[in-house]
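Dropping the structure in here first, questions after.
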Amino acid sequence: MIKGKKIAFYVTGGIAVYKAVDLMRELIKRGAEVRVAMTPSAGQFVTPLTFQVLSRRSVSVDTFSEEDPSVVNHINIADWADYAVIAPLSANTLAKLANGLADNFVTSALLATAKPIFAVPAMNANMYRNPITQENIRKLAERRVTLMKPDIGFLAEGYSGEGRYPEKERIISELELFIRSNQTELPLEGEKVIVTAGGTRERIDPVRYITNDSSGKMGHALAVEAWKQGAEVILVTASPLAVPSYIHTIRVESAQQMHEAVLEEFNDAAAVIMAAAVSDYTPETRETQKMKKKEDLTLRFKKNPDILKDLGTKKTAEQCLIGFAAETEELVSYAKQKLRDKHADLIVANDVSQSDRGFNSDQNEVTLLTKTDNPRTLTLRDKSEIAGEIISWLINYID
Ligand code: CTP
């Protein structure tokens with residue numbers, strides 16, 4: 001969502017300025033083009049040079065130091081940006097924005113901004129709760145400035161309250177939501193996509209289970225990428241990993257529960273992506289009490305439902321089924337067999353015998369197999385990139 005976006009990053013005075021450095025770096029890491037402007041008060045906490053060195057662009061502070069005579073700098077940054085991000089937003093600048101003041105570079109540029117504005121207020125709890133500040137927040141919200149709610153927590157003043165600068169992960173997640181809601185005509189708009197993730201857990205007794213090495217990272221990355229392209233995403237996950245709040249998530253444990261959850265959502269889904277490592281077997285009986293130690297133990301297992309195969313028999317011509325093939329040998333031939341047997345439209349085959357890819361790793365190398373095209377290998381890269389490629393394939397398929 002953030003990749004390729006031009007972001008005017010405005011920094012105003014407050015102790016949280018040092019945290020804004022990290023946020024700016026994260027935006028750049030995610031592929032945004034960032035130009036920074038600061039108020040003189042922000043410069044009291046962290047110098048413009050820090051932002052300049054890390055963004056590798058000059059930082060604007062003074063409205064009248066027009067270094068490039070061909071443009072008016074504070075208008076130029078406002079027009080250049082796709083989005084304005086203010087972090088942290090102080091009580092003072094918040095009041096100025098609510099009342100249309102333009103007394104420094106930042107407030108002047110923001111008054112000239114016709115693009116969507118996202119702000120991260122951070123201040124003392126009493127300042128935040130002050131009815132004047134609350135009225136200013138309402139005014140800005142009415143003018144379609146998106147303001148995050150600050151965290152409640154330990155403040156620089158040495159006591160707890162509402163006004164704390166939020167964690168970077170929360171800011172990024174809300175910023176992505178904000179950018180998506182400001183975009184028009186995303187390719188998966190109006191399409192429901194079900195994604196499964198993680199290794200299912202099959203209970204033996206109340207404290208023991210069998211599972212596999214799947215972390216759920218690939219499935220969770222797919223859910224995020226599908227959401228970024230406008231899909232209504234239902235993530236059915238057996239993984240304990242955190243999921244951004246904007247993804248509708250159904251937590252399950254066993255293959256049986258995953259099967260039921262997927263079937264419940266399947267009828268009006270445009271696509272199902274079975275990235276979960278579903279256990280093929282489950283204990284024949286589940287003990288209700290913790291099993292006691294014996295000399296030896298034999299467990300009997302019965303077969304679990306094959307969710308993908310079941311969906312393959314139920315799907316309509318318009319529905320797309322994507323499966324994974326986790327293999328340790330003969331990757332392509334086993335994957336081709338799964339494509340046929342399970343009536344899938346795409347099988348993503350990956351080698352799970354190597355530690356730098358596949359299960360539990362942040363990276364993966366996969367081969368995409370369809371009924372019509374030649375196998376296509378996506379060489380070793382981040383799972384989010386692999387997920388992006390798979391979702392691009394899905395967009396073309398649905399088209
Ligand atoms: N799958 C499923 N239900 C199962 C087993 C697997 O839906 N009970 C799905 C997986 O989510 C994956 C695909 O089927 O998308 C292939 O899974 P994989 O574990 O590679 O293969 P299996 O079908 O279990 O066959 P085998 O273990 O013999 O390789």
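Just to be sure I understand the model, the point goes 7 Å from the Cα along the line to the Cβ. What's the resulting Asn374 to Asp296 distance in nm?
5.4
Something else: So which residue, out of Ala114, Ala325, Ala37, gets the largest mean-square fluctuation from a GNM of the chain using Cα contacts under 10 Å as springs?
The residue that fluctuates most here is Ala114.
For the stretch 6-181, give the percent of accessible area contributed by carbon and sulfur heavy atoms, probe 1.4 Å, rounded to a whole number. Show your work: numbers first, answer last.
On the way: 4430 of 8350 Å².
Here carbon and sulfur together make up 53 percent of the probe-accessible area.
Can you give me the relative contact order of the stretch 179-321 as a percent, contacts being Cα pairs under 8 Å and 6 or more apart? Display every interim value, and only then the final one.
Values: 271 pairs, mean separation 42.2, N = 143.
Here the relative contact order equals 29 percent.
Lys294: which aspartates and glutamates have alpha carbons under 17 Å from its alpha carbon, excluding same-chain residues fewer than 8 sequence positions away?
By straight Cα distance, Lys294 reaches Asp205.
On full extension of the chain, what length is gained from Asn99 through Lys149, given 0.36 nm per residue of separation minus the C-alpha to C-alpha distance?
On the way: separation 50, 0.36 × 50 = 18.00 nm, distance 2.03 nm.
Length gained, Asn99 through Lys149: 16.0 nm.
Could you name the lysines in cross-link range of Lys96, using Cα to Cα under 16 Å and dropping any fewer than eight places away on the same chain?
Lys139
To the nearest 500 deg cm²/dmol, what mean residue ellipticity at 222 nm is calculated for the chain from DSSP H runs of n ≥ 4 alone, each contributing -39,500 (n - 2.57), summed and divided by the residues? Write out the running numbers ahead of the final one.
On the way: 14 runs with 138 residues, N = 399.
Rounded to the nearest 500, it is -10000 deg cm²/dmol.
Let me ask you something else. For a label point 7 Å from the Cα of Lys3 along Cα→C-beta, name the residues of the stretch 364-388 whose backbone N is under 18 Å from it.
364-368, 377-388
In vacuum, with every alpha carbon of the chain counted as one equal point scatterer, what does the Debye formula give for log10 I(q)/I(0) at q = 0.06 Å⁻¹? Two decimals, please.
Treating every Cα as an identical point scatterer, log10 I(q)/I(0) equals -0.33.
What is the percent carbon and sulfur in the accessible area of the stretch 256-399, measuring with a 1.4 Å probe over the protein chains and ignoring ligands? Before the final figure, lay out the partial values.
Working: 3610 of 8410 Å².
Reported share for carbon and sulfur atoms: 43 percent.
For the stretch 6-181, what relative contact order do you get, as a whole percent, if you take Cα pairs closer than 8 Å and at least 6 residues apart? Don't skip to the end; give the middle numbers.
On the way: 326 pairs, mean separation 36.7, N = 176.
Relative contact order comes out at 21 percent.
Give me the angle, in degrees from 0 to 90, between the Cα long axis of helix 217-228 and the longest principal axis of the Cα atoms of the chain, rounded to the nearest 10.
Orientation of helix 217-228: about 50 degrees from the principal axis.
Could you pull the accessible area for Lys139 with a 1.4 Å probe, rounded to 10 Å²?
Looks like 60 Å² after rounding.
Related question: Quick one: of Lys3/Lys309; Lys217/Lys293; Lys19/Lys228; Lys5/Lys314; Lys29/Lys217; Lys309/Lys383, which pairs are farther than 30 Å apart, Cα to Cα? List each step's numbers first, then the result.
Details: Lys3/Lys309 36 Å; Lys217/Lys293 35 Å; Lys19/Lys228 26 Å; Lys5/Lys314 41 Å; Lys29/Lys217 19 Å; Lys309/Lys383 25 Å.
Pairs exceeding the cut-off: Lys3/Lys309; Lys217/Lys293; Lys5/Lys314.
Computed FRET efficiency, Cβ-Cβ of Glu67 and Arg381, R0 51 Å: what is it to the nearest 0.05?
Working: r = 40 Å, r/R0 = 0.78.
Once rounded, the FRET efficiency stands at 0.80.
I would also like to ask the following. Counting only heavy atoms of protein chains, what accessible area per residue, in Å², does the chain have with a probe of 1.4 Å? Mind dumping the intermediate values first?
Numbers: 19900 Å² over 399 residues.
Result: 50 Å² of accessible area for each residue.
Related question: List, largest first, the extents of the alpha carbons of the stretch 91-235 along their principal axes, each in whole Å.
Extents along the principal axes: 65, 44, 23 Å.
While we're on this one: Which residue, Ala242, Ala109, Ala275, has the most motion in a Gaussian network model of the chain that connects Cα atoms within less than 10 Å?
Ala242
Tell me the net charge near Lys217. Cut-off is 9 Å between Cβ atoms, Lys217 excluded, with +1 for each Lys or Arg and -1 for each Asp or Glu. It would help to have the intermediate numbers written out before the result.
On the way: positive: Lys383; negative: Asp362.
Charge balance near Lys217 sits at 0.
Here is a follow-up. Please tell me the relative contact order of the stretch 104-162 in percent, rounded to the nearest whole number, where contacts are Cα pairs under 8 Å and at least six residues apart. Before the final figure, lay out each step's value.
Working: 46 pairs, mean separation 22.2, N = 59.
Averaging sequence separation for qualifying contacts and normalising by length gives 38 percent for the stretch 104-162.
The values are calculated or read from the model by the stated rules, or taken from the named source; none is laboratory data. For clarity, every value in this text was computed on a predicted model and none was experimentally measured. Neighbour counts are summed over all protein chains in view; Cβ atoms, including those assigned to glycine, are modelled from backbone coordinates with ideal geometry. Ligands, DNA and RNA are excluded from the accessible area calculation, which covers all protein heavy atoms including side chains. Shrake-Rupley method; radii C 1.70, N 1.55, O 1.52, S 1.80 Å.
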